[in-house]
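Beneath this line is the structure, given in structure tokens, with notes to follow.
The values are calculated or read from the model by the stated rules, or taken from the named source; none is laboratory data. Quick caveat, the model's predicted, so the values are computed rather than measured. Don't worry about glycine lacking a Cβ; one is built from the backbone with ideal geometry, like all the others, and counts go over all protein chains shown. Just so you know, the surface numbers come from the protein's heavy atoms only, side chains and all, with ligands and any DNA or RNA stripped out. Shrake-Rupley method; radii C 1.70, N 1.55, O 1.52, S 1.80 Å.
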Amino acid sequence: MEQVIAWWRVDGGAPVRSAAVANTADGAELWLSVTRGGAVRLERLPLHEIGISYLDAAVTKAVPAGDAPVVAGLGHLEGQAVGILLDGALEPDQVVVGGQVVLARAGASVTIGRRYSAKGVTLKPEGGNPRGTAQRSKRRWAKIVARLNASALPLINGERAADRTPSSPMDQAEALRTGDVEVRTLGWDDDGVITVEQDLPFRTEILALYGTVQANEV
């Protein structure tokens with residue numbers, strides 16, 4: 001009995017030759033031998049939250065001096081669109097050309113890697129039909145509330161709550177949220193599931209999902 005309580009699929013955008021889990025002082029880490037950029041490379045996927053980034057095949061470097069710094073050493077990402085975090089703030093995506101990218105502004109530290117999305121889908125809800133079971137009903141979430149813990153705002157059924165506050169400077173990362181955020185959706189479907197997706201390279205932790213669901217008989 002392995003006592004597995006969850007599983008997930010990871011697409012790293014490169015063929016995996018072998019993999020192993022190592023226990024470190026910070027926690028478990030998945031080490032992968034992959035073929036990327038025409039070479040065999042050793043990559044590390046932490047299963048903990050100490051000193052990690054939310055970009056795949058990422059590198060973190062000190063930003064070279066200058067108004068338009070050139071960041072080199074990105075040959076393993078040649079020709080690929082990459083996400084850029086400059087001093088923790090998300091910059092526009094770029095394509096790596098000649099193993100490098102040119103930043104739009106100066107900074108202290110930059111992390112560059114492949115962007116990815118993390119997605120979770122709930123099971124079909126029961127309830128909302130005053131006449132009995134909702135298993136054969138059309139369903140509609142009129143309001144969905146996500147309870148977050150030190151989290152970036154995710155997409156909930158394709159909608160994202162307002163992710164900037166007027167007091168946040170535009171060249172700084174928005175603070176992570178703790179508390180409830182609300183989205184309202186329209187339309188009926190057969191399942192009434194909630195899809196939560198994070199397409200931004202920031203920490204996301206959802207403690208609860210709740211709201212108002214309606215059901216109509218078929």
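Residue-level analysis places Gly12 among those that are touching a Lys or Arg at 6+ places or on another chain (Cβ under 9 Å) and assigned to a loop (DSSP other than H, G, I, E, B).
Residue-level check: of (1) on the phi > 0 side of the Ramachandran plot; (2) crowded, with 19+ Cβ neighbours inside 10 Å, Gly73 misses just (2).
Summed over segment 27-70, the residues that are of a type in the set (Asp, Glu) and open to solvent by less than 50 Å² (accessible area, probe 1.4 Å) give a count of 3.
I'd like the full set of residues that are part of a loop (DSSP other than H, G, I, E, B) and either open to solvent by 30 Å² or more (accessible area, probe 1.4 Å) or more than 18 Å from Pro64 (Cβ to Cβ) (or both), limited to segment 86-106. Walk me through how you get there before you give the answer.
Within segment 86-106, the subset part of a loop (DSSP other than H, G, I, E, B) is 87-88, 96, 98-99, 103-106.
Passing the criteria: Asp87, Gly88, Gly98, Ala104, Arg105, Ala106.
When Val4, Val70 are checked against the criterion of being farther than 27 Å from Ala175 by Cα and modelled with pLDDT of 90 or more, a single residue qualifies: Val70. Which of the residues that make up segment 15-42 are touching a His at 6+ places or on another chain (Cβ under 6 Å) and assigned to a loop (DSSP other than H, G, I, E, B)? Matches in segment 15-42: Asp26, Gly27, Gly37. Candidates in segment 116-132 are the residues that are at pLDDT 85 or above and small (Gly, Ala, Ser); of these, the one that is farthest from Val196 (Cα to Cα) is Ser117. Among the residues of segment 133-173 satisfying the criterion of being outside any loop (DSSP other than H, G, I, E, B), open to solvent by 10 Å² or more (accessible area, probe 1.4 Å) and modelled with pLDDT under 90, which is nearest to Ser117 (Cα to Cα)? Here the answer is Glu159.
Scanning segment 76-85 for residues that are under 15 Å from Ala62 (Cβ atoms) and either assigned to a loop (DSSP other than H, G, I, E, B) or open to solvent by 10 Å² or more (accessible area, probe 1.4 Å) (or both) yields a single hit, Leu85. Can we say Lys124 is surrounded by fewer than 16 Cβ atoms within 10 Å (Cβ to Cβ) and either among the hydrophobic types (A, V, I, L, M, F, W, C) or in a strand (DSSP E or B) (or both)? Criteria not met by Lys124.
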